[in-house]
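A.B. asks: This structure is in structure tokens; I'll ask about it shortly.
The values are calculated or read from the model by the stated rules, or taken from the named source; none is laboratory data. For clarity, every value in this text was computed on a predicted model and none was experimentally measured. For neighbour counting, all protein chains shown are included, and Cβ atoms are generated from backbone atoms with ideal geometry for every residue, glycine included. To get the accessible areas, we keep the full protein, side chains included, count just its heavy atoms, and leave off ligands, DNA and RNA. Shrake-Rupley method; radii C 1.70, N 1.55, O 1.52, S 1.80 Å.
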Amino acid sequence: MAILPLGSRLFWLPLAAVYGFSSRQNNNKPFHVFFDSSNKLHRDMSPLHPEQPRRISVCLEKLQELQQDYSDDRIQLHDVAKEPESLIHGLVSRYSPFTHAELEHARNMLLQALSDDLVLKLEENTRASIQQRLRDGKSSLGHMGYIDNDTYITTASLDVCLRATAAWIRAIDVAQHEGVSMALTRPPGHHATAKGSNGFCLFNFAAAAALHVLSKDPMVKVSIIDTDVHYGQGVSDIVQHYPNIRYASIHQKQCFPHMGETLSVLGPHANVYTVPVPPESTWTCGFEEAFNGALNFLIQPNEWEPNVVIVCAGFDALDSDELASCSLVAKDYYTMTELLFQKVATLAPSNNRQPYVMLGLEGGYQLSKTAGGGGLADALAETVKAILMQQEDVAGASNTMQSLQTRPTDTICNA
């Protein structure tokens, strides 16, 4: 396993050259989703562990169905694996591997977000484990153990997490040009603190993506909204020290990690907002009010106007999800996404554009296709539908404005 060196110069390439696609000139922009078909190399010894590779597969199956419902390549899937594999028969996707520079930059962002010891120790342990396995005549892929009762590591976990970080960063850059995009990656990351992995999470992708934005322009503002049913204490731990980042989490009380139990504004810069909801909350009874409160903290015209909104997209507040006790249904995520874009639209455009939005997968563990109220894939599909509808609305408004600007003026006749 190659360990990327620090301090090398990073070369930024044009979007089309780096990402393997070109921005289209028509009005309905494509929605780009980045996934890693080699994510399955990070898996527990038990197939019953809820954080498993099938989380990505079921989402891709659903996105494949949506691709057939929407014409003109509206949903574009990009496989970022080093050696791509077919996860879904007939899946239409593009091979978009990362450059060495992208992976090195992702590592540098992790080192900025996390303690050196956390990253370097995993690199060292991974390298030692691979070397020992090869000396023993075994495959380089193997299980390395557990950080806690729920968080496992394999010899491929480091590479999978590095590509996941790079996917979040690439999605940020693409969203800046296309308006919105998504990183469909695993494992989740929002529980990982600056000094420790926990709760299925090894590294914090959201924090690294936010710091990537600031690395390009330290004056911009970043808002992060976390819809995972569990409090993202890791994101809070890291971003509270950055005044140009705001973070709000809507999460269930009396649930892992048993923090953020009160409605509070936290941090030395008052930039973290915890919005807990009681168990059994539905959209109309608890969750909608909490979500709107979080949006009001993250998007405030004339006071806090973010240049980018990162969504820690967790889908485990579903009634069918067994890792918590909230009671949302899949269609609630359509409403949630719709409200987000409506809130973004309240901001006056900066440089002729609204803030861009990037989504990254966090939790969501109900994989059944017949789950009452819907499972992970259904909630993701509702989110994507809302995004595509929002893009059509923006395109329609753009056409109307262009028509008004180019319409000839009426002739005034003087008698």
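A.B. asks: Rank Y334, Y146, Y356 by mean-square fluctuation in a GNM of the chain with C-alpha springs under 10 angstrom and give only the top-ranked residue.
C.D. replies: The residue with the greatest mean-square fluctuation here is Y146.
A.B. asks: Under 5 Å between amide hydrogens, which residues at least 5 positions from S93 or on another chain qualify, with H placed 1.01 Å from N in the peptide plane?
C.D. replies: none
A.B. asks: Each residue of the range 326-332 in turn: what ³J(HN,Hα) in whole Hz from Karplus with 6.51, -1.76, 1.60 and θ = phi - 60°, glycine and Pro shown as x?
C.D. replies: Calculated HN-Hα couplings, in order: 7, 10, 6, 10, 4, 5, 5 Hz.
A.B. asks: A further question follows. Give me the distance in nm between label points sitting 7 Å out from Cα along the Cα-to-Cβ direction at M259 and E123, one decimal.
C.D. replies: 2.5 nm
A.B. asks: Then there is this: Show me the ranking of peptides 99-107, 226-234 by mean Cβ neighbours inside 10 Å, starting with the highest. Walk me through the numbers on the way to the answer.
C.D. replies: Numbers: 99-107: 20.0, 226-234: 28.3.
The packing order, highest mean first, is 226-234, 99-107.
A.B. asks: Turning to a different aspect of this structure: Straight-line reach only, C-alpha to C-alpha below 24 angstrom: list the lysines that K221 could link to, leaving out same-chain residues fewer than 8 apart.
C.D. replies: Leaving aside lysines fewer than 8 places away in the same chain, those within reach of K221 are K343.
A.B. asks: In addition: Can you give the % of DSSP beta bridges in the chain that are antiparallel, to the nearest 5?
C.D. replies: On the way: 9 of 48 bridges.
Among the beta bridges of the chain, antiparallel pairing accounts for roughly 20 percent.
A.B. asks: Using modelled backbone amide H atoms (1.01 Å from N, in-plane), which distant-in-sequence or interchain residues come within less than 5 Å of H42's amide H?
C.D. replies: Answer set, sorted by chain and number: none.
A.B. asks: In degrees between 0 and 90, to the nearest 10, how far off the longest principal axis of the chain does helix 54-69 point, with axes built from Cα atoms?
C.D. replies: Once rounded, the angle reads 30 degrees.
A.B. asks: Less than 16 Å apart at the alpha-carbon level, and either on another chain or at least 8 residues along: which lysines does that give for K369?
C.D. replies: Hits, sequence-local ones excluded: K62, K331.
A.B. asks: Here is a further query. Using θ = phi - 60° and the Karplus form 6.51 cos²θ - 1.76 cosθ + 1.60, what ³J(HN,Hα) does each residue of the range 225-232 get, whole Hz, x for Gly and Pro?
C.D. replies: Per residue, the Karplus-derived 3J(HN,Hα) values read 10, 10, 9, 5, 5, 9, 4, x Hz.
A.B. asks: Of the residues N302, N244, N39, which exhibits the maximal mean-square fluctuation in a Gaussian network model of the chain defined by a 10 Å Cα contact cut-off?
C.D. replies: Looking only at N302, N244, N39, the biggest GNM fluctuation is shown by N302.
A.B. asks: With each label point set 7 Å from Cα along the Cα-Cβ vector, what nm distance links T282 and K82?
C.D. replies: According to this spin-label approximation, the distance is 4.9 nm.
A.B. asks: How many Å² of accessible area per residue for the chain, probe 1.4 Å? Each step should come with its number before you reach the end.
C.D. replies: Values: 18000 Å² over 415 residues.
Counting only protein heavy atoms, the per-residue value for the chain is 43 Å².
A.B. asks: Once phi is turned into θ = phi - 60°, what whole-Hz ³J(HN,Hα) does the Karplus curve with 6.51, -1.76 and 1.60 give for every residue of the range 364-377, x standing for Gly and Pro?
C.D. replies: Each residue's phi maps through the Karplus curve to give x, 10, 8, 9, 5, 7, 10, 5, x, x, x, x, 3, 4 Hz.
A.B. asks: Can you list the equivalent-ellipsoid semi-axes of the chain, largest first and in whole Å, using the square root of 5 times each Cα gyration tensor eigenvalue?
C.D. replies: Details: eigenvalues 236, 124, 99 Å².
Taking √(5λ) for each eigenvalue gives 34, 25, 22 Å, largest first.
A.B. asks: Here is a further query. Ordered by packing density, taken as the mean number of other Cβ atoms within 10 Å over each peptide's residues, highest first, how do 181-188, 148-155 rank? Present the calculation step by step, with values, prior to reporting the outcome.
C.D. replies: Details: 181-188: 28.0, 148-155: 17.9.
The densest-packed peptide leads the list: 181-188, 148-155.
A.B. asks: Check which residues have an amide H placed less than 5 Å from D36's amide H, if you skip close sequence neighbours.
C.D. replies: V80
A.B. asks: May I pose another question? Using a cut-off of 20 Å between alpha-carbon atoms, which aspartates and glutamates can reach K138, once sequence neighbours fewer than 8 places away in the same chain are excluded?
C.D. replies: Within reach: D44, E123, E124, D159.
A.B. asks: A follow-up question, please. Give me the one-decimal nm value for the distance between modelled label points at S139 and K216, 7 Å along each residue's Cα-to-Cβ direction.
C.D. replies: In this crude spin-label approximation the distance works out to 3.8 nm.
A.B. asks: So what is the calculated 222 nm ellipticity per residue for the chain, using -39500 (n - 2.57) for each DSSP H run with n of 4 or more, over all residues, to the nearest 500 deg cm²/dmol? Please report the intermediate quantities before stating the final value.
C.D. replies: Numbers: 10 runs with 154 residues, N = 415.
That comes out to -12000 deg cm²/dmol.
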